[in-house]
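Below is one structure, written out as structure tokens; comments come after it.
The values are calculated or read from the model by the stated rules, or taken from the named source; none is laboratory data. Since the model is a prediction, treat every value here as computed from it, not as a measurement. Neighbour counts are summed over all protein chains in view; Cβ atoms, including those assigned to glycine, are modelled from backbone coordinates with ideal geometry. In case anyone asks, the SASA skips ligands and DNA or RNA and just uses the protein heavy atoms, side chains included. Shrake-Rupley method; radii C 1.70, N 1.55, O 1.52, S 1.80 Å.
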Amino acid sequence: MSRKAAALGSLLAAALLLSGCGESDDGSGGSGSGTDDGSESAAVEAKLLGQVPMAKVKDMVGAMGMWTTDKNFVKADLNKIVGYPLAGGKAEWTVPLGGEVCWTSPEPTKDGLVAVLFQNAKKDPSVCTEVGLVDLNKGKLLWQKQATDEYGSAQMFDEVTIGGGTVAAAGSLTDAGWKVSGEPLWKPSDEKCPVEGYAGSDEKLIALRDCGEVDSPQLTLQTVDPATKAVKSTYKLPAGTENAHVVSTDPLVVGADGGDAKKGSSGASEFLTIDDSGAQGKLLSTISTVGGKYGKYKLDCPATEVTGCQQIAVTKDTLFLGTSEPASASSDAENDLVALDLKTGKQKGKAEGVDGGHLTPVGVADDGKVIAYQEASVVDEAGGAVWELDPTTYKKTKIQQNPSASWEMEARFTTERRILFAGERLYIGGEHVTAPSTVFKKKQPLAAIFGAK
């Protein structure tokens, strides 16, 4: 390792520690972009195609949300959502919002709609009360709503999603729903088991309820009718579950956090696969993430977020996770990608990681291939890479290599980031607008685009 790399590595580690945005202490060390026995013949040499500049702020401001459409790369920004050309360039449209972005639905609907939760800077800039629906195809805010209680006070929400044609928001002991047309479906009300949050897809809406006490939660998952909130299926999570995260609605896969008694789980001590076809949900399998010094798998499920899990990929029958350490003691790789059967909970295959690098599953392509992102390397001063994994043979193939010239900028996108691979381009974006670094001289963008063209 060069003295320059060593110095920059130390600076990067220090900066991430100071900013609170570093990797968790999972023993993975520096991540890299090496070679292994996987095929690299198909890899394209990518360029840094474009960057979204970081707005000037004094304090960290929410900017959660990043998507692609057939025409645009779309990024949430400072009090707005902006659409850019897919290969980068000047903004083609902007949706102004009345305040800071608090939450967005993770994926657009088949019609290109996303739900947005944001603040009202004029009335109360400290709470998240505004629910909006954005059409990414048109670059337009279709509507903006508040939910009020019986006294006319605007309610505060934590998360928002779209499920089965319903925009559903939930927060501290309150929730509300609207049709995508903007018509109210249900208003905040006192309930014995308040909704903690919702998860949705084009077909389904899942509610997470807490029927216990503050010191003794009893979390319950419900598959509900998106139009009426009538319960179709109910499943009680294991006693002692403090938080739950829906990582897939169909199949229904949930990450359950067992609390302090189960360490090293990055917010999910186990994953549960649930059959919600009947009135009483049935447990199909349990996949434990607890084991070893740092847990079996490297993942990120922020404690109280119902739909915030990252570093996970789910197909119709398989959960893909990256291990915290190599599954094979003889491997030089930093980690492996493991395929876990959703019906049995057992490992059904794995792909060995890359020498000196860490692979993270980030999604599933239209053809069913699992997409994995390889971290940029501080040690080797190398850019990151994109790999695809065949879900039947577990053979991995590198399909894109990012340039070394921008390794430092790429490496500074660590936690609280979003990664998309679409149209043979890799999009990396931060979830916050941040103040300039006191350690690095170069300005960090809010998002970056890598690709051949």
Among the strands (runs of 3 or more DSSP E) contained in region 337-430, which hold 2 or more residues that are within 30 Å of GLU270 (Cβ to Cβ) and touching a strand residue (DSSP E or B) at 6+ places or on another chain (Cβ under 7 Å)? 347-352, 359-364, 370-374, 385-389, 417-422, 425-430
Mind listing just one residue for me: the one in region 266-282 that is out of contact with any Asp or Glu (no Cβ under 8 Å at 6 or more places or on another chain) and assigned to a strand (DSSP E or B) and, of those, surrounded by the most Cβ atoms within 10 Å (Cβ to Cβ)? PHE271
Looking at ASP175 and the list (1) assigned to a strand (DSSP E or B); (2) within 20 Å of GLY62 (Cβ to Cβ); (3) acidic (Asp, Glu), which single condition is not satisfied? (2)
When you scan region 187-237 for strands (runs of 3 or more DSSP E) that lie fully inside it, which ones turn up with 2 or more residues that are under 20 Å from LEU284 (Cβ atoms) and open to solvent by 30 Å² or more (accessible area, probe 1.4 Å)? 231-236
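Are any residues in region 122-146 in a strand (DSSP E or B), open to solvent by 30 Å² or more (accessible area, probe 1.4 Å) and under 14 Å from CYS102 (Cβ atoms), and if so, which ones?
Within region 122-146, ASP124, PRO125, SER126, GLN144 meet the criteria.
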Would you point out which residue out of THR109, THR129, THR104 is of a type in the set (S, T, N, Q) and farther than 19 Å from GLU305 by Cα? THR109
Those residues that are open to solvent by 40 Å² or more (accessible area, probe 1.4 Å) and free of Cβ contacts under 8 Å to residues at least 60 places away in the same chain, I need them from region 71-97; list them, please. ASN79, LYS80, GLY89, LYS90, ALA91, GLU92, THR94, PRO96
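Does region 303-321 hold any residues that are open to solvent by 40 Å² or more (accessible area, probe 1.4 Å) and part of a loop (DSSP other than H, G, I, E, B), and which are they? Working first, answer last.
First, the residues of region 303-321 that are open to solvent by 40 Å² or more (accessible area, probe 1.4 Å): 303-305, 310, 316-317.
ALA303, THR304, GLU305, LYS316, ASP317 - these are the residues of region 303-321 that are open to solvent by 40 Å² or more (accessible area, probe 1.4 Å) and part of a loop (DSSP other than H, G, I, E, B).
Give me a count of the residues in region 283-293 that are assigned to a loop (DSSP other than H, G, I, E, B) and surrounded by fewer than 19 Cβ atoms within 10 Å (Cβ to Cβ). Walk me through it before giving the result.
As a first pass, look at region 283-293 and keep what is assigned to a loop (DSSP other than H, G, I, E, B): 289-293.
Restricting the remaining residues to those that are surrounded by fewer than 19 Cβ atoms within 10 Å (Cβ to Cβ) gives 290-293.
Looking only at that region, the number is 4.
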If we keep only residues of region 52-70 that are within 20 Å of GLU92 (Cα to Cα) and not in a strand (DSSP E or B), then the residue most open to solvent (accessible area, probe 1.4 Å) is ASP70
Looking at region 177-198 only, could you name the residues that are of a type in the set (S, T, N, Q) and under 23 Å from LEU142 (Cβ atoms)? SER181
For region 164-222, how many residues meet the condition of being among the hydroxyl-bearing types (Ser, Thr, Tyr), under 27 Å from ASP257 (Cβ atoms), out of contact with any Gly (no Cβ under 7 Å at 6 or more places or on another chain) and modelled with pLDDT of 95 or more? 1
Pair list, Cβ < 7 Å and 6+ apart or interchain, from region 400-423 residues that are over 15 Å from HIS358 (Cα atoms) and in contact (Cβ under 8 Å) with a residue 12 or more places away in the chain to residues that are acidic (Asp, Glu) and in a loop (DSSP other than H, G, I, E, B): SER404/GLU381; GLU416/GLU431; ARG417/GLU431; ARG418/GLU431
Checked against (1) open to solvent by 10 Å² or more (accessible area, probe 1.4 Å); (2) among the polar types (S, T, N, Q); (3) more than 19 Å from the chain's Cα centre (by Cα); (4) modelled with pLDDT of 90 or more, THR109 satisfies every condition except (3)
Would you call LEU426 modelled with pLDDT of 95 or more and hydrophobic (A, V, I, L, M, F, W, C)? yes
Scanning region 369-406 residue by residue, the ones that are over 30 Å from ASP317 (Cα atoms) and open to solvent by 20 Å² or more (accessible area, probe 1.4 Å) total 7
Flagged in region 231-260 as aliphatic (A, V, I, L, M), at pLDDT 95 or above and farther than 21 Å from PRO302 by Cβ, in numbering order, are VAL231
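Please verify whether region 382-393 includes one or more residues that are in contact with a Lys or Arg (Cβ under 6 Å, 6 or more places away or on another chain), charged (D, E, K, R) and on the phi < 0 side of the Ramachandran plot. Working first, answer last.
First, the residues of region 382-393 that are in contact with a Lys or Arg (Cβ under 6 Å, 6 or more places away or on another chain): 385, 387-389.
Filter once more, keeping what is charged (D, E, K, R): 388.
Still in the running and on the phi < 0 side of the Ramachandran plot: 388.
Checked against the condition, which is being in contact with a Lys or Arg (Cβ under 6 Å, 6 or more places away or on another chain), charged (D, E, K, R) and on the phi < 0 side of the Ramachandran plot, region 382-393 yields at least one hit.
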Counted residues, region 423-440 - those being closer than 19 Å to ASP77 by Cβ, of a type in the set (A, V, I, L, M, F, W, C) and open to solvent by 10 Å² or more (accessible area, probe 1.4 Å): 1
